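Here the structure is laid out as C-alpha cells; the discussion comes afterwards.
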Amino acid sequence: MSEPVRHPNVQPSAKDIRMVIGASSAGTVFEWYDFFIYGTLAPLIGKAFFPGDNPTLQVLLVWAGFAVGFGFRPLGAILFGYFGDKLGRKYTFLVTVTLMGIATAGVGLVPSAATIGLWAPALVLLLRILQGLALGGEYGGAAIYVAEHARPDRRGFYTGFIQASVVGGFVLSIAVVAACQLLIPADTYAAWGWRVPFILSIVLLGISLWMRLKLSESPVFIAMKEEGEISGNPFTESLRYPGNKKRIFVALFGVTGILTTIWYTAFFSALSFLIGPMRVHPLTAQTVVGLAALVSMGFYVLVGGWSDRVGRKKPLVLGALATLALLFPLFWTLGSFANPGLAASAQSAPVVVAGQQCHTDPFADLFGRKQSDCGNLLETLTAGGIPYSVEDDQGLQLTVAGDAITIDPAWLTDKALRKKGIEAALTAHGFDLGPQHPGIGALLGIGLVLVVLGILSALTYGSVAALLTEMFPTQIRYSSMSIPYHIGAGYLGGFLPLIASYINARTGDAYAGLWYTWVVVAFGVVVAIWGLKGGPPRDFADDHA
C-alpha cells in the first residue's frame, strides 16, 4: 500500500479559503433546502400526492416518500464517491447540485393524484430517488473540499460552516414556506401556491452553479494526481484498505448513527410534534423552529473550532451522553409549553377505550386489511394527538372522565362521522382541539427547548466533517467517508420520521417514537467510546486504526 498523500506545501490564501467556504457552504444550503422542502411541506404533499381519508396512513406515506430519498443516498455515495476519488472533488459536486435542483423543481411540477392518479405518487417517489442519489454525493464532496483546503489546526472550524449549512438549508426551507404562506392567499396557497418553494430551486441552482464554477480543484487532489496516486477502484479499495472495515463500522454507528438521529429529532421530529399532536398553528410552529435553528447554526461552527483544540471525540461523546439524559425531559417540556391544556385535560378527563383486538394497524387501508372496531377508535384518537389508555373487554366502550360515550354504529364505517363525534365528546369534557397559539412566554420557552436540542445536535455534528476526513486515506477518502455516512444518514436518520410516526400510531403516545432515537444513540455512543481515537486531531496515517 502506497504512502497516503499529504497536504501540499503551498497553502491557499485567506481569500481563497473564504471563497471555498462561502461557495461550498452556499451550495450545501441550497442542496439541503431542496431536500428538506419535502419534509417541511409534508401535510400538503400528502393531500396532493397521497390522498385518502385516513390521516394517519397519509402521514406515514408522506414520510415513506421522505425515507425513499434517504434510502438511495448510499447508492449516490458509492456512485459519486467513485467519481470524486477518480475525477476530482469540484466537478463531482457540480453534478450533484445540478441533479438535486432539477429533481426538486420537478416535484413542484408533478400534477396531483386527482389529475393523473397513481402516476403522481410514482413520479414523486422517482424524483425523491434522484434527490437521494444527488445528496449521497454532495456532503462528502463539500466536506472534503473544504477540509483539504484548510490548515490542520483550523480544519474543524472551517468545516463547521459546512455542518452549519445543513441547518441553513432547513432554515431556508422554513423561511421560504413561511414567506409563501404570508404572501399568497390561503386558498391559492392550498391549491397550488405550496409548489412555489419547489420551483424556486431552479433559481437557487443557478446561484449555486455560478459560485461553484469559480472554484478550483482541491490542492490535495491535484497533488495526488500529480504523484500518480489516484485510486484504481475507490469503492473496492475502501473495503480492502487495512483497518478500513473497522473505521467504516465506527463511522456508520459511532458517528453518523448518533449525529443523524439527534439532528432529525431536534428539527424534523420537533416540528412534526408541534404541528401534529400539540396542534400548534403551522405558521407559528415553523417560525419558532426556524428561528431556533437559525440561532443554533453558530454552535456548529463553535463546536468545530473547539474540536481543533480538544479533539473530535470529546464533543461527540459529550453530546450523545447529554442527549440520552435530556431527550425525554426536553420533549415533555416542549409539550407543556406548546399545549399545556392537552395534558391537563387528559389528566382530569382520561380517555379509555375498551374492546377486543384493541390495537391500531396504520397500514390496514393500504393493504386492504380490515381494522377492528376498537382499532378504528384508536386510529382517530391517535390522529388527533389525544392520549388514551386501553382495556380488554368483550364489548366496545369509549369513556371520557368515566362517562360512557355513546358510539354511533355509523362511526365504525364512516371516518368523518367518527372524527366529528369523538371530537364533540372530547370538547364537551374540556378538551381544546382547535389550533394552538401559544403566548409570548410559552413561545420563548419553546424556542429555548429547541435551541438546547440544536446545541445537542451541534455537539455531535459540528466536528464531523473534519473527523471523517481525518479517519480515511486521501486516495479513497470521498468513497470511504461518504458510504458509511450516507448509509447511517439514509437509513438510521432518514427512516426516523417514518419509524417514530409508526411507533406513535401503534402506541397512541406522542412521545413513544423518541425511543428509536434513544436506542440508536445509546448503541452509537458505546461504539464511539470504543472505536474513536481521543486526543488532539491528526491527519490520517497508515497506523491510524
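From the list Ile162, Ile174, Ile144, which one is in a helix (DSSP H, G or I), touching a residue at least 60 places away in the same chain (Cβ under 8 Å) and over 22 Å from Gly454 (Cα atoms)?
Details: Ile162 fails: over 22 Å from Gly454 (Cα atoms); Ile174 fails: over 22 Å from Gly454 (Cα atoms).
It is Ile144.
Taking the stated definitions as given, is Ala325 without any contact (Cβ under 8 Å) to a residue 12 or more places away in the chain and closer than 25 Å to Leu467 by Cβ? The answer is yes for Ala325.
If you scan the range 305-339, which residues turn out to be charged (D, E, K, R) and either in contact with a Phe, Trp or Tyr (Cβ under 7 Å, 6 or more places away or on another chain) or under 20 Å from Gln436 (Cα atoms) (or both)? Full working, then the answer.
We begin by selecting, within the range 305-339, every residue charged (D, E, K, R); these are 308-309, 312-314.
Correct list: Asp308 only.
Filter the range 488-523 down to the residues that are out of contact with any Lys or Arg (no Cβ under 8 Å at 6 or more places or on another chain) and closer than 18 Å to Gly132 by Cα and list them by number. Passing the criteria: Gly488, Tyr491, Leu492, Gly493, Phe495, Leu496, Pro497, Leu498.
Filtered by the rule that a residue be at pLDDT 90 or above and exposed (fewer than 11 other Cβ atoms within 10 Å of the Cβ), the range 407-436 gives no residues. Do we have Ala505 as part of a loop (DSSP other than H, G, I, E, B) and among the small types (Gly, Ala, Ser) here? For Ala505, the condition - part of a loop (DSSP other than H, G, I, E, B) and among the small types (Gly, Ala, Ser) - is not met. Looking across Ala178, Ala164, one residue alone is under 22 Å from the mean Cα position of the chain (by Cα) and at pLDDT below 90. It is Ala178.
Is there a residue being assigned to a helix (DSSP H, G or I) and either surrounded by fewer than 21 Cβ atoms within 10 Å (Cβ to Cβ) or of a type in the set (Gly, Ala, Ser) (or both) anywhere in the range 348-368? Yes, the range 348-368 contains at least one residue that is assigned to a helix (DSSP H, G or I) and either surrounded by fewer than 21 Cβ atoms within 10 Å (Cβ to Cβ) or of a type in the set (Gly, Ala, Ser) (or both).
Tell me the residue from Gly508, Gly494 that is touching a helix residue (DSSP H, G or I) at 6+ places or on another chain (Cβ under 6 Å), within 27 Å of Pro74 (Cβ to Cβ) and buried (at least 16 other Cβ atoms within 10 Å of the Cβ), please.
On the way: Gly508 fails: within 27 Å of Pro74 (Cβ to Cβ).
Going through Gly508, Gly494 in turn, the sole match is Gly494.
In the range 511-527, the residue that is surrounded by the fewest Cβ atoms within 10 Å (Cβ to Cβ) out of those that are in contact with a Leu (Cβ under 8 Å, 6 or more places away or on another chain) and not aliphatic (A, V, I, L, M) is Trp518.
Can you go through Ile248, Ile262 and tell me which one is in contact with a Ser or Thr (Cβ under 8 Å, 6 or more places away or on another chain), modelled with pLDDT of 95 or more and in a helix (DSSP H, G or I)?
Ile262
Kindly check whether there is at least one residue in the range 328-335 that is touching a His at 6+ places or on another chain (Cβ under 8 Å), over 30 Å from Met471 (Cβ atoms) and modelled with pLDDT of 90 or more. Steps first, answer last, please.
The first filter runs over the range 328-335 and keeps only residues touching a His at 6+ places or on another chain (Cβ under 8 Å), leaving none.
For the range 328-335, residues touching a His at 6+ places or on another chain (Cβ under 8 Å), over 30 Å from Met471 (Cβ atoms) and modelled with pLDDT of 90 or more: absent.
Take the residues in the range 512-530 that are over 20 Å from Val250 (Cβ atoms) and without any contact (Cβ under 8 Å) to a residue 60 or more places away in the chain; name whichever of them is farthest from the chain's Cα centre (by Cα). Once the filter is applied, the top-ranked residue is Ala512. Taking the range 89-115 as the search range and keeping residues that are crowded, with 22+ Cβ neighbours inside 10 Å and at pLDDT below 70, which one is nearest to the chain's Cα centre (by Cα)? Taking the candidates together, the pick is Phe93. From the list Leu209, Leu183, Leu213, Leu200, the lone residue that is under 22 Å from the mean Cα position of the chain (by Cα) and either exposed (fewer than 14 other Cβ atoms within 10 Å of the Cβ) or modelled with pLDDT of 75 or more (or both) is Leu200. You will find that of Val317, Val303, the residue that is in contact with a Ser or Thr (Cβ under 7 Å, 6 or more places away or on another chain), assigned to a helix (DSSP H, G or I) and at pLDDT 90 or above is Val303 and no other.
The values are calculated or read from the model by the stated rules, or taken from the named source; none is laboratory data. Because the structure is predicted, anything quoted here is derived from the model rather than measured. For neighbour counting, all protein chains shown are included, and Cβ atoms are generated from backbone atoms with ideal geometry for every residue, glycine included.
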